[in-house]
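Here the structure is laid out as structure tokens; the discussion comes afterwards.
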Amino acid sequence: MRPTINGNPHRKRKIGRVMSRLPFIFLVILFTPLYSQQVIDEALHPVGMSSNDIRFRVDKSSSDYYRLSVVDDVMESPLSLFSLTEGMAHKLHSNTAGEDVVYLSSLLDRKIRGSCKVSISRRRPFTNALRMLYSGLGGSLSDDEADYLWDEAHKLSIPLQKTLAVGVLGLAEAVRYRNLAFSSLTDDEVRFLKANAHRLLIEDTTTADESEEFITRQVLEISKKIDYVSLFKGGAVLSSAVSRMVHRLEEQGIYDIADTVSFRFPTPWGDIILGNGGCSDYTDTPLFLVDVGGNDRYNLRWRPFSIIVDLSGNDRYTARGDFSIATGYFGYQLIMDKSGDDMYIGGSASLGCGLFGVGMLTDEGGKNRFVGGSFTQGAGAFGIGLLVGGSGNDEYLSERYSQGFGFTGGAGAMIDMGGSDLYTVGRKYEDFREKSFFSCLSQGFGFGIRDEASGGTGVLFDFAGNDVYVGDYFVQGSSYWYALGILYDHSGNDRYLARRYSQGAGTHLTAGILLDREGNDYYTTWGVSQGCGHDLSVGMLVDLSGNDSYTATVLSQGAGNDNGFGILVDVEGNDIYSAARNNRVQGSGNKMRGFSSLGLLLDLSGEDTYSEGYENNAIYTSKQYGVMYDNEVEDFHWDY
């Protein structure tokens, strides 16, 4: 049924005449998929627009060193956000962590080619691997140390030694790439970055001589000299090597190690540890650790390089200050926990974050709890941060810049493979607009430095389970200043709770999308949300199936403001749209700077309810700049 416009009959298709003359053609038309361009063009026709009008002229905007091509591509073709998100979901679901790093680096315009191939010595494989690692770290293994290590390692089988050597050699190669990445910087420049770069993201209560503006500009200028291809390749090589090592351990029978004598070998950069199946207390960050089992306790501080592999047990990881627990801070840290109900208590810059480095945290099983401060849980700035959760019912709690956060020069990804999860962010940094609500910038959020540097890519992907997402300002598939923010939920009856600039919102020359594929979902917010583009931005909320409920107050549910594009698309289900009347909602735009904005709400099936009094199977326009389109569309396909 073709919809009516503003309740008045619109010109009907002459289907009867076509069918009487050409029945075969009619059948082809009937069963041919209806593509998004056709639907959007029909929806926009009453306001004299088409899908070709939904784009920004990036060639008319000033660029900078950190502008990402993926952001420019989306700004030139905002409707491609859907296909981009679907493609990312496929890759991040099927990739290994090492492949994830390679893919995230490509989003940062850093193409990693080739792979690291290391040869393992047949004689004393583990000892010789450590010699290479020492050399890369700027030290040397003495003859006495080598003899002691050989005596300890000799208690292990040669196949097991070779397996452990894979991880050690991967770390040695990663160290080499890290050294290459910073080789163009002077010692003073490296010291300046280490002393000040964190202040762009983490609250620092110490007194500083330099102004914030000076620090920001110096960090941006010095950071341009880093070889990011080498920096990211080191992370990919390390992750791939550890994955191969763990796979071989599982093939050999992981508990065979428990029958051996565990050992600890101290180095200036952290201990080399092989733990048996007992419950262990690790009071410092190791350089390399493999623990077979037991309910272990880790008390960790920052070191530039660290590998922790824990194969089983209910473990507890606690940070000794910031920059701990899988933090790539001017280096690489990796934690892989294979099973058990685990607890992670981190400060700021923790739990899979990268700041001038790559940090990776993977927990593959159990019911886990992750607690962090600011810049945590899959956060990247001038680096890559990755947190991968398994199929258990996990809880993620943080304060700000977290849960899939990408800052300038960085990519942050949070990936959860299943389970009914709880994502909560806030509690600390009150937003100046409303002191009872918090500034979060999390849950698939990209962020740049306004008027200084374009932002990065922040993504949160959850693939199954009835999940709950809780935040206030700037959350849930949104972004700010030439950045990209994505929240993707594949299935489950989910709840999205937010306050403002959220749930598929773009704010100030940027792009954000929330895409939910399946389930009866509940969305609630106050405003500038649920598919809202504000100030030359695009914001999209796309829900493909389920009986959904949308609640908002202002500038939401397909709203464009100040030359922005805001789009809400609900493809299937009986849905409820609740919003404050006459508050620029449910397909609303405006005119600003002599140009139009566009708000578009598309509901493509079901018996729906609208608080604005809209009817099903109708088109409503709002002051020429907004459209609410309700129509029964079968076999809908996105073709951008």
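Can you report the principal axis dimensions of segment 338-388 using only the alpha carbons, biggest first, rounded to whole angstrom?
Principal-axis extents of segment 338-388 (Cα, largest first): 32, 19, 9 Å.
What spacing in nm lies between the two simple spin-label points modelled at Asn520 and Glu86, each 7 Å away from Cα in the Cβ direction?
Here the modelled spin labels are 2.6 nm apart.
Taking amide hydrogens as modeled 1.01 Å from N in the peptide plane, which residues meet the under 5 Å criterion relative to Asp639, leaving out close sequence neighbours?
Amide H to amide H, under 5 Å and 5 or more residues apart or across chains, Asp639 pairs with Ser36, Gln37.
Using 1/(1 + (r/R0)^6) with R0 = 41 angstrom and r between the beta carbons of Gln37 and Asn393, what's the FRET efficiency to the nearest 0.05?
It comes to 0.55.
Mind checking which of Gly313, Tyr134, Leu536 is farthest towards the positive end of the chain's charge dipole, using Cβ charges of +1 (Lys, Arg) and -1 (Asp, Glu) about the Cα centre?
Farthest towards the positive pole: Leu536.
Any chance you could tell me what percent of the C-alpha pair distances in segment 563-640 go past 17 Å?
When every Cα pair of segment 563-640 is considered, 45 percent fall beyond 17 Å.
Using 0.36 nm per residue, how much length does the chain from Asn295 to Arg450 gain when fully extended, once their Cα-Cα distance is taken away?
Numbers: separation 155, 0.36 × 155 = 55.80 nm, distance 4.63 nm.
51.2 nm is the gain from fully extending Asn295 to Arg450.
Pop the C-beta distance of Tyr640 and Lys367 into the FRET formula with R0 = 56 Å and round what comes out to the nearest 0.05.
Approximately 0.90, to the nearest 0.05.
By counting other Cβ atoms within 10 Å of each Cβ, how are Trp150, Trp481, Trp302 ranked from fewest to most?
Ranking Trp150, Trp481, Trp302 by Cβ neighbours within 10 Å, fewest first, gives Trp150, Trp302, Trp481.
Convert 37 °C to kelvin, take the viscosity as 0.692 mPa s, use the Kirkwood radius over C-alpha pairs of segment 73-226 as Rh, and evaluate the Stokes-Einstein diffusion coefficient in µm²/s, rounded to a whole number. Write down the numbers at each step before the final one.
On the way: Rh = 19.8 Å.
Answer from the Stokes-Einstein relation: 166 µm²/s.
To make sure I understand, if each residue's beta carbon is the centre and we count other beta carbons within 10 Å, what order do Thr318, Thr457, Thr362, Thr283 fall in, fewest to most?
Least crowded to most crowded, the residues run Thr283, Thr318, Thr362, Thr457.
At 20 °C and 1.002 mPa s, grab the translational diffusion coefficient of segment 111-193 from Stokes-Einstein with a Kirkwood Rh over Cα pairs, rounded to a whole number in µm² per second.
Numbers: Rh = 14.3 Å.
The estimated diffusion coefficient comes to 150 µm²/s.
Between Arg123 and Glu221, what length comes free when the chain is fully extended (0.36 nm per residue of separation minus the Cα-Cα distance, one decimal in nm)? If you can, show how the numbers build up before the last one.
Working: separation 98, 0.36 × 98 = 35.28 nm, distance 4.74 nm.
Between Arg123 and Glu221, full extension yields 30.5 nm more.
Please report the relative contact order for segment 269-353, taking Cα pairs under 8 Å with a sequence separation of at least 6, and give it as a percent rounded to a whole number.
After rounding, I find 24 percent.
Rg and Dmax of segment 419-469 over Cα atoms: what are they, in angstrom?
14.0, 41
For Glu212 and Asn583, compute 0.36 nm times the residue count separating them, minus their Cα-Cα distance, and round to one decimal in nm. Walk me through the numbers before you get to the answer.
Values: separation 371, 0.36 × 371 = 133.56 nm, distance 3.81 nm.
Full extension from Glu212 to Asn583 adds 129.8 nm.
Binning every alpha carbon pair distance of the chain at 10 Å from zero, what are the percents per bin?
3, 17, 26, 22, 15, 9, 5, 2, 0, 0
Taking Rh as the Kirkwood radius, which is the inverse of the mean 1/r over Cα pairs, what is the Rg/Rh value for segment 141-185?
1.16
Once you charge only the Cβ atoms, +1 for Lys and Arg and -1 for Asp and Glu, what is the size of the charge dipole of segment 353-423 about its Cα centre, to the nearest 20 debye?
Numbers: 3 positive and 7 negative charges, 36 e Å.
That gives a dipole near 180 debye.
Can you flag which of Lys91/Lys591; Lys91/Lys338; Lys155/Lys338; Lys162/Lys224; Lys91/Lys428 are past 32 Å Cα-Cα?
Lys91/Lys591; Lys162/Lys224; Lys91/Lys428
Would you compute the Debye intensity of segment 359-471 from its alpha-carbon atoms alone, equal scatterers and no solvent, and pass along log10 I(q)/I(0) at q = 0.15 Å⁻¹ to two decimals?
-0.59
So what is the calculated 222 nm ellipticity per residue for the chain, using -39500 (n - 2.57) for each DSSP H run with n of 4 or more, over all residues, to the nearest 500 deg cm²/dmol? Could the numbers behind the result be given before it?
Values: 12 runs with 152 residues, N = 640.
Roughly -7500 deg cm²/dmol at 222 nm, from the helical runs in the chain.
Can you pull out the trypsin sites (Lys or Arg not before Pro) in segment 524-596 that DSSP calls coil and that have at most 15 other Cβ atoms within 10 Å?
Those satisfying the criteria are Arg581, Arg593.
Just want the ordering: His490, His93, His534, from fewest to most Cβ atoms lying within 10 Å of their own Cβ.
His93, His490, His534
List residues of segment 150-180, by number, whose backbone nitrogen lies under 20 Å from a label position 7 Å along Cα→C-beta of Gln252.
150-173
Give the dimensionless ratio obtained when the Cα radius of gyration of segment 477-538 is divided by 2.2 N^0.38 Å.
Its radius of gyration relative to the 2.2 N^0.38 Å reference: 1.08.
Computed from the coordinates by the stated procedures, all read-outs in this text should not be read as laboratory data. Since we're looking at a predicted model, the values are computed, not measured. Don't worry about glycine lacking a Cβ; one is built from the backbone with ideal geometry, like all the others, and counts go over all protein chains shown.
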